[in-house]
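Okay, so here's the structure we're looking at.
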Ligand code: PXP
């Protein structure tokens, strides 16, 4: 089974918010990404609303035809918003105001009780829940305890090792990812992955059996700025399909 592609459209909103005007619209970008064949749309509503706005998520909910994955911090306020909007899935991510992008996974092991409450509030409202975690045994075990349906493994360390060309580090990170996918499956968790994936490194991750969906933002939106959304999404789909499992 080939991994599915979720396109993260946050950076279209980043461009819009650079001018605080109406264009470009992430909702239009999502529709174009769907027309190009992606399998889902992901958007991160940060607490500081610095790129995606409440309005974007509400409109996305209304217009997209694949599935909507809302990334958000595990707070009561965001949980209430998600229950109101009803995305297909919520991915809980850690958030700090100063970070340029999500820097690491959730510390599910340290916050198991708080996360369990939020996971259960979302699931009781028919929203699937995924926890964005690092490839660590304790985090997988904690994710299981929270009752989450999915984990999304943070591929940042793997991608950095790939870019630095460090073979030992690259192999260590790839094998950690493979091992953690197996462990998550053993616990009955479904598995997604993302962060830092691009046209050159995606094949290694896409070929790991058991990873259902890859959430990719920066590389696709960066390429879309130069060649258009249609070509950027289709090229990523082709890169994923090249390593059909
Ligand atoms: N998955 C999660 C949980 C994220 O927070 C992000 C970044 O917003 C991504 C995937 C996509 O990362 P990138 O933009 O590096 O492809």
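The values are calculated or read from the model by the stated rules, or taken from the named source; none is laboratory data. Everything quoted here is computed from the prediction, not taken from an experiment. All Cβ positions, even for glycine, are placed from backbone atoms using ideal geometry, and neighbour counts span all protein chains on display.
Scanning the range 149-190 for residues that are over 21 Å from residue 218 (Cα atoms) and within 13 Å of the ligand (Cβ to nearest atom) gives a single hit, 150.
Residues that are surrounded by fewer than 24 Cβ atoms within 10 Å (Cβ to Cβ) and either more than 15 Å from the ligand (Cβ to nearest atom) or over 19 Å from the mean Cα position of the chain (by Cα) (or both) were ranked within the range 134-145; the one that is farthest from residue 206 (Cα to Cα) is 145.
Out of curiosity, is residue 203 in contact with a strand residue (DSSP E or B) (Cβ under 6 Å, 6 or more places away or on another chain) and free of Cβ contacts under 8 Å to residues at least 60 places away in the same chain?
When the stated conditions are applied, residue 203 does not pass them.
The residue pairs whose first member lies in the range 189-200 and is without any contact (Cβ under 8 Å) to a residue 40 or more places away in the chain, whose second member is outside any loop (DSSP other than H, G, I, E, B) and within 13 Å of the ligand (Cβ to nearest atom), and whose beta carbons are closer than 7 Å, counting only pairs six or more residues apart or on different chains, are 198/219.
Contact map, the range 102-127: first residue modelled with pLDDT under 95, second residue surrounded by fewer than 16 Cβ atoms within 10 Å (Cβ to Cβ), Cβ cut-off under 7 Å, separation 6 or more or different chains; the map is empty.
In the range 134-158, what count of residues is obtained for those that are in contact with a strand residue (DSSP E or B) (Cβ under 6 Å, 6 or more places away or on another chain) and either at pLDDT below 95 or over 12 Å from residue 194 (Cβ atoms) (or both)? Of the residues in that region, 6 qualify.
Provide a single number: the residues in the range 157-186 that are touching a residue at least 40 places away in the same chain (Cβ under 8 Å) and surrounded by 20 or more Cβ atoms within 10 Å (Cβ to Cβ). Break it down into steps so the answer makes sense when it comes.
Applying the first criterion (touching a residue at least 40 places away in the same chain (Cβ under 8 Å)) to the range 157-186 yields 158-159, 162, 176-177, 179-180, 183-184.
In the following step, the residues that additionally are surrounded by 20 or more Cβ atoms within 10 Å (Cβ to Cβ) were identified as 158-159, 162, 177, 180, 184.
Matching residues across the range 157-186 total 6.
Of all residues in the range 73-102, those being within 14 Å of residue 152 (Cα to Cα), in contact with a helix residue (DSSP H, G or I) (Cβ under 9 Å, 6 or more places away or on another chain) and within 10 Å of the ligand (Cβ to nearest atom) number 2.
Scanning the range 1-13 for residues that are touching a helix residue (DSSP H, G or I) at 6+ places or on another chain (Cβ under 9 Å) and more than 14 Å from residue 28 (Cα to Cα), we see that the one that is farthest from the ligand (Cβ to nearest atom) is 2.
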